[in-house]
Amino acid sequence: TLKLLREFPQVFGLAGVSFLSALAHVVFPAIFVLYAAHRYGWDARMVGFTLAAVGVSSTIVQAGLVRRIVPAIGERRALLFGLGCGVVGFLAYGYAPSGPWLWAAIPVMAFWGLCNPSIQSLVTRQVGTHEQGRLQGALASLVAIAGVLGPYLFTHVYAAGIDVRLDFGLPGAAFFFASALLMVAWLLAERVTRVRAA
């Protein structure tokens, strides 16, 4: 996988962006239920409503707005805008002192959905038709690795954030960590797509 990706410098960089984005996304299944119960006292019903709102918002962006926004501003700007919304959204999730604050961040976070279509569009143009299958397999492998690493990382960061012995007092630490991952992804994306945009 890495050998294939290294043959195409921009693809290699964008694969890194895809990996970091996928890794950041794992924070939701890893700790969201624990976080919501600990910080807001939510039960399963309230968590379900919130996740449904996340799903609806994401569907609106990915099914209705991606095909309008990406052609209008281009893949590079859509990618950077989507990652930027993810950075801000995760910061808001980690900071949110109450449920309404978190709900207000959901529409912002939904625009992170511009990221993956933009990456797919950019990378597929860098590889010949005979390599497309291998490329998609390589990207899927990186997402799978993120899915293995993510739960370990985020549960430990979350546990450290609420551990009274460590006295951090940061229940949103895992979301701040996810935001930092996306910030690195934004910087990487800005760099590897700069030549193409010039």
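The values are calculated or read from the model by the stated rules, or taken from the named source; none is laboratory data. Source: prediction; values computed, not measured. Positions of Cβ are generated from backbone atoms using ideal geometry, with glycine treated the same way; all protein chains shown enter the neighbour counts. Note: accessible area is taken over every heavy atom of the protein model, side chains too, but ligands, DNA and RNA are not part of it. Shrake-Rupley method; radii C 1.70, N 1.55, O 1.52, S 1.80 Å.
Overview of results
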read-out	value
Some residue of the range 38-49 being among the hydroxyl-bearing types (Ser, Thr, Tyr), out of contact with any Asp or Glu (no Cβ under 7 Å at 6 or more places or on another chain) and closer than 23 Å to Leu181 by Cβ	no
Where Val11 falls short, out of the listed (1) more than 21 Å from Gly172 (Cβ to Cβ); (2) in contact (Cβ under 8 Å) with a residue 24 or more places away in the chain; (3) within 17 Å of the chain's Cα centre (by Cα)	(3)
Set Leu188, Leu182, Leu142: member being assigned to a helix (DSSP H, G or I), open to solvent by less than 30 Å² (accessible area, probe 1.4 Å), touching a Gly at 6+ places or on another chain (Cβ under 6 Å) and not charged (D, E, K, R)	Leu182
Residue list for the range 1-58, restricted to those being in a loop (DSSP other than H, G, I, E, B) and either closer than 21 Å to Ala146 by Cα or in contact with a helix residue (DSSP H, G or I) (Cβ under 6 Å, 6 or more places away or on another chain) (or both)	Thr1, Val26, Trp42
Selection count where residues are in contact with a Phe, Trp or Tyr (Cβ under 7 Å, 6 or more places away or on another chain) and either open to solvent by 50 Å² or more (accessible area, probe 1.4 Å) or under 14 Å from Ala160 (Cα atoms) (or both), scope the range 25-34	2
Some residue of the range 150-157 being open to solvent by 20 Å² or more (accessible area, probe 1.4 Å), closer than 29 Å to Gln10 by Cβ and either of a type outside the set (Val, Ile, Thr) or not in a helix (DSSP H, G or I) (or both)	yes
Set Leu166, Leu135: member being more than 25 Å from Gly74 (Cα to Cα) and not aromatic (Phe, Trp, Tyr)	Leu166
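The rows are residues; the columns are (1) over 22 Å from Pro71 (Cβ atoms); (2) at pLDDT 90 or above; (3) of a type in the set (Lys, Arg).
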| residue | (1), (2), (3) |
| --- | --- |
| Pro107 | no, yes, no |
| Leu122 | no, no, no |
| Val127 | no, no, no |
| Leu139 | yes, no, no |
| Pro171 | yes, yes, no |
| Ala180 | yes, yes, no |
